[in-house]
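Structure first, then comments.
Laboratory data are not the source of any read-out in this text; all were calculated from the coordinates shown. Owing to the predicted nature of the structure, the values given are computational and were not obtained by experimental measurement. Virtual Cβ from ideal backbone geometry, glycine too; neighbours counted across all protein chains shown.
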Amino acid sequence: MTKPIMKAAITDFLPTAGTTIPASFAIADLGCSCGPNTLFVVSDIISIIIDLCNATKHELPEFQVFLNDLPENDFNTLFSSFLPTFQAKLSEQMKSKYGALATLSCFFNGVPGSYYGRLFAQESLHFVHSSYCLMWRSQVPQGLEGNKGNIYIARSSPASVIRAFYEQFQRDFSTFLDCRGQELVVGGRMVLTILGRRSDDPSSDECCHHVNLLATVLNEMVSEGLIEEEKMDSFNIPYYTPSPKEVRWEVQKQGSFSVDSLEVSKVDWSVFDTSFDPNVVLKDREYGMTMCMRATAEPLLVGHFGGEVIDEVFKRYRAHLADHMSKQKTLFINVIVSLKKIT
Ligand SMILES: C[S@@+](CC[C@H](N)C(=O)[O-])C[C@H]1O[C@@H](n2cnc3c(N)ncnc32)[C@H](O)[C@@H]1O
């Protein structure tokens, strides 16, 4: 879904550089994670640039690829297992497209650190990408004492709690824009896909329900004495799913970027959705979503409640999901924004 948006952004960037396409084109993927999917986006970006250079008879630039994530990310596996396969595939693709002698100069760098701070030298990047990361806050906001029984924004959350989460998003996102504003060259592009919402209401089910189901499970376990109530009351997740309006407002306020496009897309919670794969086994629909939640929430839950409760939490979560998904269509909403560095 994001690929055409990246293609439009890169196409627009390259001609503005005229015949002086940068000799070295610097790409950063922020929050790259570690897995077989990590390098897909880099492959897409490089292919787009190669095709554009080919069509306009420009010489290929060298590529510098920066893969960023938090220092705890498994960069070792990324560079020792996934990168060599990726590099071999890339050079094969080059040869099949452009002949036996075609070569591609592509240099990979790992950049451990938080993107809510500076990561790169001034004006050293041409294209920044980030997917499914910027809904994570740099910290749990202050002032959530009134959010008892909830772990994120819920219908029963007081206005002060909703404001605290929103203000944390504003601080984080404007810091992110400040930093990238310094690191991108003028005219450079940034495409961000953020788990968000269409509604103006931050407590809307379309962005909160999957988290609130987790709160339901934890409350159930409190009532059965499996989790301490005080522990539950002091647990909140560092998260905020913005609306397109909120994203645009922060970009305008911060001032380093213009908005080229701002779109919303939908992804079904179920990786086994019938519209996605007609040969689905419907009784397994909730499995993918349970694993997705477990992959993201487990470190937070273990840090707060300890590791012993985890299997039980997700066994129950899966049952709640199955019930919910059997009753209604469930979607993730993505906010995809394409930005151009203007000053
Ligand atoms: C859901 S994964 C997304 C992975 C990949 N970009 C994708 O689209 O499949 C979110 C990633 O963001 C990273 N992340 C969260 N906060 C971050 C921060 N402040 N700085 C850098 N990476 C961060 C996490 O460590 C995790 O690897």
Out of all the residues in the range 152-171, which are in a loop (DSSP other than H, G, I, E, B), polar (S, T, N, Q) and surrounded by fewer than 17 Cβ atoms within 10 Å (Cβ to Cβ)?
Ser156
Any residue at all in the range 178-190 that is among the β-branched types (Val, Ile, Thr), assigned to a loop (DSSP other than H, G, I, E, B), away from the ligand (no atom under 16 Å from the Cβ) and more than 23 Å from Pro244 (Cα to Cα)?
no
Is it true that Glu59 is under 30 Å from Ser138 (Cα atoms) and either of a type in the set (Asp, Glu) or part of a strand (DSSP E or B) (or both)?
no
Taking the range 117-151 as the region of interest, how many residues are more than 16 Å from the ligand (Cβ to nearest atom) and either surrounded by fewer than 19 Cβ atoms within 10 Å (Cβ to Cβ) or of a type outside the set (Val, Ile, Thr) (or both)?
14
Restricting to the range 310-319, name every residue that is within 15 Å of Val222 (Cβ to Cβ) and surrounded by fewer than 17 Cβ atoms within 10 Å (Cβ to Cβ).
Glu312
Starting from residues that are out of contact with any helix residue (DSSP H, G or I) (no Cβ under 8 Å at 6 or more places or on another chain) and of a type in the set (A, V, I, L, M), keep the ones in the range 62-98 and report whichever is farthest from Cys133 (Cα to Cα).
Ala88
Step by step: first the residues of the range 218-255, then only those that are of a type in the set (Gly, Ala, Ser) and over 21 Å from the mean Cα position of the chain (by Cα), then the one that is surrounded by the fewest Cβ atoms within 10 Å (Cβ to Cβ). Which residue is that?
Gly225
Determine, yes or no, whether Arg155 is of a type in the set (Lys, Arg) and either touching a Pro at 6+ places or on another chain (Cβ under 6 Å) or within 16 Å of the ligand (Cβ to nearest atom) (or both).
no
Restricting attention to the range 196-216, the residues that are buried (at least 21 other Cβ atoms within 10 Å of the Cβ) and over 16 Å from Ser156 (Cα atoms) number exactly 2
List pairs: first residue in the range 219-238 and in contact (Cβ under 8 Å) with a residue 40 or more places away in the chain, second residue part of a helix (DSSP H, G or I) and aromatic (Phe, Trp, Tyr) anywhere in the structure, Cβ distance under 7 angstrom, at least six positions apart or on different chains.
Ile227/Phe305; Lys231/Phe305
Consider Leu195 carefully, then state whether it is within 16 Å of the ligand (Cβ to nearest atom) and assigned to a strand (DSSP E or B).
yes
Go through the range 224-265 and count every residue that is of a type in the set (Phe, Trp, Tyr) and over 30 Å from Gly307 (Cα atoms).
2
Please enumerate the residues belonging to the range 1-34 that are within 16 Å of the ligand (Cβ to nearest atom) and polar (S, T, N, Q).
Thr2, Ser33
Determine whether the range 100-116 contains at least one residue that is away from the ligand (no atom under 16 Å from the Cβ), surrounded by 18 or more Cβ atoms within 10 Å (Cβ to Cβ) and at negative phi.
yes
Please list, ordered by first then second residue, the pairs with beta carbon atoms under 6 Å, 6 or more apart or interchain, first in the range 63-79 and under 8 Å from Pro112 (Cα atoms), second part of a strand (DSSP E or B) and of a type in the set (Val, Ile, Thr).
Asn68/Val111
Filter the range 35-81 for residues that are within 13 Å of the ligand (Cβ to nearest atom) and either at positive phi or surrounded by fewer than 17 Cβ atoms within 10 Å (Cβ to Cβ) (or both) and give the result.
Gly35, Pro36, Asn37, Phe40, Asp44, Leu70, Pro71, Glu72, Asp74, Thr77
